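*Asks:* So that we are looking at the same thing, I have put the structure below in structure tokens.
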Amino acid sequence: MSGSIKDRVAIAGMGCTRFGERWDTGTNDLLVEAAYQAFEDAGIEPKDVEAAWLGTSSSGGTGMTLAEPLRLQYIPITRVENACATASEAFRNAAYAVAAGIHDIVLAIGVEKFKDSGMSGMGGGGTDGPGHAMLSQGLPPRQFAMLATTYFSRYGLSFEEGKHMIGRVSWKSHKNGALTRNAHFQKEVSMETILNAPMIAWPLGLYDCCGVSDGAAAAIITTPKIAKRLRKGKEPPVFAKALQIAISPRDGNYNSKYDWTHVEATVRAAERAYKEAGITNPREEISMAEVHDCFSITEAVTMEDLRFSPRGKVKDDIESGRFDLDGAQPIQLDGGLKCFGHPVGASGLRMMYEMYMQLQGRADEVLNPGMPSRQIKNPKLGLTHNLGGSPDGCAIFVGIVGLEGV
Amino acid sequence: MFGILSYGAYVPMFRLSRDQIAKAWGGGSGAGEKAVANFDEDSLTMGVEAAVDCLQGIDHKSIDALYFVSLTHPYQEKQAASIIAEVLDLKPDTFTLDIDNSPRGATSAFRLAADAIASGSAKKVLVIASDCRVTAPHSGDEMLFGDGAAAFLLGDARPAVTIDNAYHVFNSFMDTWRLPNEPFNRTWEDRFIFGEGYSKIAPQAVAAALKQFKATIKDFAKVVLYAPDQRRHTELARALGVDAKTQLQEAFFNNIGHTGSAFVPMMLVATLQEAKAGDKILTFNYGDGCDVHALTVTAGIEKLRNRRGIKKYLASKLPVSYYQQYLIFRDLVIEEPGGRATRTSSLPVLWRERKNLVSLIGQKCRVCGTVNFPLQRLCIECQTEGEFDDYPIWDKKGKIFTFSMDERTVQPVAPSVACIMDLEGGGRFYGNITDRDPATIDVGQEVEFTFRNIHDGGGLHNYFWKMRTVRG
């Protein structure tokens, strides 16, 4: 790896819509809402955007999906798709264009309009595990539930112990989601409710699964110099420290070497990201993170894959509150996929948005009225992580952003 | 000497107690329970199971002809035998044939096999009889009928059981019939059906056969008798002078039910599982006439003791927990619209990957020895391109590595148990566990493959393999 993105591009502005069941809002509305928040935050006009990267999983086709609602006039727009890492992939490609010196000001935006599909879960699945041609993995819960089965079994957790561990993950995210104005689910949920909820895919119950939402999020990416000029008199810009994607060859269901208690692509992407950002001890150096908690067990395993917790020991950190908002290393400060919601094509930029707001000390701008502060003290580096696919094979993004000079 | 080289059978895992049926509809209960195919089974998949049992230790490529006998073929037009031949990976010039319409089809197929072998056109013939019987809810047939299959490999090279004599007679008497566009059987008043039909025709045929065989009923150690129900079975045995205690093969009405064209074949398998060298057996099959055979067991029977047959499959069972579940198994419930996603299939994909999907043959890398499944262009382990040998995995057992239970499944019965299985001798398989009691599944359990209908999307039966905890 010869090049590094570290400090070569900066975020001058960001926007994020309310996530949830946006019955009165279409894809176009969501895109305009997120983009204009970002334009305003960066203090630019739409005509200042030289190029755009649009991430959407299933809510659009070409770049016109973005050009049409924003009336962008003949600029280059690339539509990207990489499952749940889609929005982060849009961000990465947009950042590379700036770093390469091709463009000065670009827009990375992600959108998903799920709730027009008529499905209450992930739409379009309709399959039940491997059918002919092995094309289908089945719907996500059954895949991630197998991660929990193996994790419990390998580390000797009883069903009750394992269930409590992953339940505690969701309990924490609901606590954070309750503070967050734009989150899909804004209610605290008791451990008792979580543990007794109906099974979706044993051992995962209802509260082990994230929401499926509508939403969009956007970022204005530019050079450090322009970013500083644009944000003069405002909070400082946020700098990219590492942007890594790792795509697995999808063999976990077929290769007996895969242990089903970790996600190899997360490990690979994280190690590259730490190297790119110059991080040696992520447990101490990363202030906070938004990770891909599509299911509670995914977050638990990801803590180990990111080296936030020692292998096989995440239970101790979860149960002791290390990842709570007031813990040593807060995770899912805005509620995560679990509560902020999961519009696939927007989620990566929503995570980035929370890191951006926290780093600038602005987290309480999107606080639920009347709720205690969500702002953590002096964050330096924030990490975002997406898992697109399932444990046996996935597209993983690990990104690190931070303030200048960190 | 022409005869039976090997035998096998299959009894589906689920049993529906006749009390459950009586409870659902009111009225009197029959005795015991009946074997019912799971929602993912049909006559073809059960036929494959019986054949797999029958062909243990036998080279599939040595088979010259396959006759598939059923009253409930999965397709009205489209030969089931050709699909089964593909599943069993038989040699390309295997002669395949479907036989249908009469419950005595299997023993008639014995005659075809004898003639083929006598003529020299075949050396080994596989005869499979299988039925998955759909009956009208709240009918007599619902109480009576069960599901199951049996298979026989026939030939003239040192048979385990010689088939010494055969007697065939046709009869156009209308017992039961089914019209092309109707799902259920029709019949007539039973006093006529039995009084003028079976109870008259059957003893006459057996008497004529014994005369032709120059034998008496006392010559036989065991007698296998077709009957439309338990009462007629007892009556015919009495009329023929068969000793109910020592000679009469049990008909399994109380634990399997009447399995149509598999009925007599399954009884014969049960007989052979208990038989010893020198035993003489008489079989009587009925339907649109009669087939009577006299057989003699040889010492070769001892080599077939590992067959699961009726005995082991009967002992391995799960109860259908409530009557409505049985209706769901047989697709007799009208569902609310839009409740389940539409499932489709691509015929070109099924066709080009048939060896992988239907015969369940994987690949073994010549460079690193890793077993690859599903089909790969490059080895999943060493990434070498195109250096593979065929490696059958359908016959391998394995252990559950991980599993989950999907309650949001689109399959008719929840939960759908997803499972990663690590195969003995290497390789990993991801699929569903069927015929299971969810409460007893655990990591490390031994599982084996079973051939099933995955779904009927696209208006065709999509067959593939699932896993089940080892039976028998």
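*Asks:* Mind grabbing the base-10 log of I(q)/I(0) for chain B at q = 0.09, 0.10 Å⁻¹? Debye formula, identical points on the C-alpha positions, no solvent, two decimal places.
*Replies:* Taken in order of the listed q values, log10 I(q)/I(0) reads -0.61, -0.75.
*Asks:* Taking 45 Å as R0, compute the FRET efficiency from the Cβ-Cβ separation of B:Ala136 and A:Leu367 and round it to 0.05.
*Replies:* 0.10
*Asks:* All other residues with a Cβ under 11 Å from the Cβ of A:Met351 taken together, and with Lys, Arg as +1 and Asp, Glu as -1, what is their net charge?
*Replies:* That works out to -3.
*Asks:* Can you list the lysines whose alpha carbon is less than 19 Å from that of A:Lys175, not counting same-chain residues fewer than 8 positions off?
*Replies:* Answer for A:Lys175, where 19 Å is the Cα cut-off: A:Lys163, A:Lys187, A:Lys315, A:Lys338, A:Lys377, listed by chain and number.
*Asks:* Calculate one ³J(HN,Hα) per residue across region A:370-385 by plugging θ = phi - 60° into the Karplus curve 6.51 cos²θ - 1.76 cosθ + 1.60, and present them in order as whole Hz with x for glycine and proline.
*Replies:* x, 9, x, 4, 9, 6, 8, 7, 6, x, 10, 10, x, 10, 10, 9
*Asks:* May I ask you to derive the FRET efficiency for A:Arg229 and B:Arg366 from their Cβ-Cβ distance with R0 = 60 Å, giving the value to the nearest 0.05?
*Replies:* The pair A:Arg229/B:Arg366 has a calculated efficiency of 0.45.
*Asks:* Related question: Out of the total accessible area of the protein assembly as shown (probe 1.4 Å, heavy atoms of protein only), what percent is carbon and sulfur?
*Replies:* Carbon and sulfur atoms account for 52 percent of the accessible area of the protein assembly as shown.
*Asks:* Determine the residues within region B:396-416 where the difference in accessible area between the chain on its own and the full set of protein chains amounts to at least 50 Å²; count protein heavy atoms only and use a 1.4 Å probe.
*Replies:* At a threshold of 50 Å² (probe 1.4 Å), the residues of region B:396-416 that become less exposed are B:Phe401, B:Thr402, B:Phe403, B:Ser404, B:Met405, B:Asp406, B:Arg408.
*Asks:* Using the Cα centre of chain B as origin and beta-carbon charges of +1 (Lys, Arg) and -1 (Asp, Glu), tell me which of B:Ala414, B:Val297, B:Thr176 is placed farthest towards the positive end of the dipole.
*Replies:* Value computed over the given set: B:Val297.
*Asks:* Also, quick follow-up: Quick one: go through region B:98-114 and flag any residue whose amide nitrogen is under 12 Å from the point 7 Å out along the Cα-to-Cβ line of B:Arg178.
*Replies:* Backbone N within reach: B:100-103.
*Asks:* Full-extension gain between B:Ala157 and B:Lys355, please, as 0.36 nm times their residue separation minus the C-alpha to C-alpha distance.
*Replies:* Numbers: separation 198, 0.36 × 198 = 71.28 nm, distance 3.04 nm.
Extra length available between B:Ala157 and B:Lys355 comes to 68.2 nm.
*Asks:* So who's got an amide H within less than 5 Å of the one on B:Leu375, skipping anything under 5 residues away but keeping other chains? H placed 1.01 Å off N, in plane.
*Replies:* Distant-sequence amide H within range of B:Leu375: zero hits.
*Asks:* Restricting attention to region B:368-444, which GluC sites (Glu not before Pro) occupy a DSSP loop and are surrounded by at most 14 other Cβ atoms within 10 Å?
*Replies:* Loop-located and lightly packed - B:Glu387, B:Glu424.
*Asks:* Determine ³J(HN,Hα), in whole Hz, for all residues of region B:305-313 in sequence, where each value follows from phi through the Karplus function 6.51 cos²θ - 1.76 cosθ + 1.60 and θ = phi - 60°; x replaces Gly and Pro.
*Replies:* 5, 7, 5, 5, x, 6, 4, 6, 5
*Asks:* Hey, another quick one. List the lysines whose alpha-carbon lies under 18 Å from that of A:Lys275, not counting same-chain residues fewer than 8 positions away?
*Replies:* Candidates past the 8-residue exclusion: A:Lys6, A:Lys241, A:Lys380.
*Asks:* Where only protein heavy atoms count, and the probe is 1.4 Å, what is the accessible area per residue for region B:3-329 in Å²?
*Replies:* Heavy-atom accessible area per residue stands at 40 Å².
*Asks:* Continuing with the same structure: Where in region B:267-289 is the amide nitrogen less than 17 Å from a point lying 7 Å along the Cα-to-Cβ axis of B:Val169?
*Replies:* Output list for this probe position: B:283-289.
*Asks:* Separate question: Only Lys, Arg, Asp and Glu count, each charged at its Cβ (+1, +1, -1, -1), so figure out the dipole size of region B:1-110 about its Cα centre, rounded to 20 debye.
*Replies:* 460
*Asks:* Go through B:Phe449, B:Phe401, B:Val358 and say which Cα lies farthest out towards the positive end of the charge dipole of region B:347-469; charges sit on Cβ, +1 for Lys and Arg, -1 for Asp and Glu.
*Replies:* After comparing all options, I get B:Val358.
*Asks:* When the dipole is taken about the Cα centre of region A:149-208, and only Lys, Arg (+1) and Asp, Glu (-1) are charged at their Cβ, what size is it in debye, to the nearest 20? Mind dumping the intermediate values first?
*Replies:* Values: 7 positive and 5 negative charges, 50 e Å.
Approximately 240 debye in magnitude.
*Asks:* Using amide H atoms built in the peptide plane, which far-off residues or other-chain residues are under 5 Å from B:Thr298 H to H?
*Replies:* Here B:Val161, B:Thr162, B:Gly278 satisfy the definition.
*Asks:* Follow-up question, since we're still on this one. Around A:Trp53, under 12 Å between beta carbons, what's the net of Lys plus Arg minus Asp minus Glu among the other residues? Mind dumping the intermediate values first?
*Replies:* Details: positive: A:Arg79, A:Arg92; negative: A:Glu50, A:Glu81, A:Glu89.
It works out to a net charge of -1.
*Asks:* Same structure again: For the pairing of chain A with chain B, what total accessible surface becomes buried, with a 1.4 angstrom probe, in square angstrom to the nearest 100?
*Replies:* So the total buried area for this chain pair works out to about 3100 Å².
*Asks:* Filter the trypsin sites (Lys or Arg not before Pro) in region A:337-395 down to the DSSP loop ones having no more than 11 other Cβ atoms within 10 Å, then list what survives. Can you show the working numbers first?
*Replies:* On the way: sites: A:Lys338, A:Arg350, A:Arg362, A:Arg374, A:Lys377, A:Lys380; in loops: A:Arg362, A:Arg374, A:Lys377, A:Lys380.
Listed in order of number, the matching sites are A:Lys377.
*Asks:* Can you list the lysines whose alpha carbon sits under 22 Å from that of B:Lys211, skipping same-chain ones fewer than 8 residues off?
*Replies:* Filter leaves B:Lys200, B:Lys222, B:Lys280.
*Asks:* Related question: First select every other residue whose beta carbon is under 11 angstrom from the beta carbon of A:Gly321; then total the charges, Lys and Arg +1, Asp and Glu -1. Show your work: numbers first, answer last.
*Replies:* Numbers: positive: A:Arg168, A:Lys172, A:Lys175, A:Arg322; negative: A:Asp316, A:Asp317, A:Glu319, A:Asp324, A:Asp326.
Result for the local shell: -1.
*Asks:* May I pose another question? Strictly under 4.7 angstrom between C-beta atoms: which cysteines of the protein assembly as shown have no such partner?
*Replies:* Taking the Cβ cut-off of 4.7 Å, the unpaired cysteines of the protein assembly as shown are A:Cys16, A:Cys84, A:Cys209, A:Cys210, A:Cys294, A:Cys339, A:Cys394, B:Cys54, B:Cys132, B:Cys290, B:Cys419.
*Asks:* Roughly what would the spin-label model give for B:Asp422 and B:Arg191, points 7 Å off Cα along C-beta, in nm?
*Replies:* 6.9
*Asks:* Still on this structure, please answer the following. Which far-off residues, 5 or more places away or on another chain, put their amide H under 5 Å from the one on B:Gly289, with H placed in the peptide plane?
*Replies:* Those lying under 5 Å, H to H, from B:Gly289 are B:Asn171.
*Asks:* What is the dipole size for the protein assembly as shown, taken about its Cα centre, with +1 at each Lys and Arg Cβ and -1 at each Asp and Glu Cβ, in debye to the nearest 20?
*Replies:* I would put it at about 1140 debye.
*Asks:* Moving to a separate point now. So what is the calculated 222 nm ellipticity per residue for chain A, using -39500 (n - 2.57) for each DSSP H run with n of 4 or more, over all residues, to the nearest 500 deg cm²/dmol? It would help to have the intermediate numbers written out before the result.
*Replies:* Values: 13 runs with 137 residues, N = 406.
Helix-only estimate at 222 nm: -10000 deg cm²/dmol.
*Asks:* Compute the accessible area of each residue in region A:233-280 twice, once for its chain alone and once with every protein chain present, using a 1.4 Å probe on heavy atoms, and list those whose area falls by at least 20 Å².
*Replies:* Buried-area filter returns A:Asp251, A:Asn253, A:Tyr254, A:Asn255, A:Ser256, A:Lys257, A:Trp260.
*Asks:* Per-residue HN-Hα couplings for region B:149-160, Karplus 6.51 cos²θ - 1.76 cosθ + 1.60 at θ = phi - 60°, whole Hz, x for Gly and Pro?
*Replies:* 8, 9, 9, 9, 9, 10, x, 10, 9, 6, x, 6
*Asks:* In region B:155-187, which residues have a backbone nitrogen under 20 Å from the label point lying 7 Å from B:Arg305's Cα in the Cα-to-Cβ direction?
*Replies:* Of the residues in region B:155-187, B:159-162 have backbone N under 20 Å from the label point off B:Arg305.
*Asks:* Go ahead and run the numbers for FRET between B:Ser316 and A:Glu404, Cβ-Cβ distance against an R0 of 45 Å, rounding to 0.05.
*Replies:* Calculated transfer efficiency: 0.05.
*Asks:* Additional query: Return the Rg/Rh value of the protein assembly as shown, two decimal places, where both radii are evaluated on C-alpha atoms and Rh is the Kirkwood radius. Before the final figure, lay out each step's value.
*Replies:* Values: Rg = 33.3 Å, Rh = 30.4 Å.
So for the protein assembly as shown, dividing Rg by the Kirkwood Rh gives 1.10.
*Asks:* How about region B:160-192: which trypsin sites (Lys or Arg not before Pro) there lie in a loop by DSSP and see at most 15 other Cβ atoms within 10 Å?
*Replies:* Within region B:160-192, the qualifying trypsin sites (Lys or Arg not before Pro) (loop, at most 15 other Cβ atoms within 10 Å) are B:Arg178.
*Asks:* Let me ask another. What residues in region A:142-162 lose 20 Å² or more of accessible surface when the other protein chains are added to their chain alone (1.4 Å probe)?
*Replies:* Those residues are A:Arg142, A:Met146, A:Thr149, A:Thr150, A:Ser153.
The values are calculated or read from the model by the stated rules, or taken from the named source; none is laboratory data. None of these values were measured; they are calculated from a predicted model. Cβ sites come from the backbone with ideal geometry, for glycine too, and all protein chains shown count toward neighbours. Please note that ligands, DNA and RNA were not included when accessible areas were found on the heavy atoms of the full protein model with its side chains. Shrake-Rupley method; radii C 1.70, N 1.55, O 1.52, S 1.80 Å.
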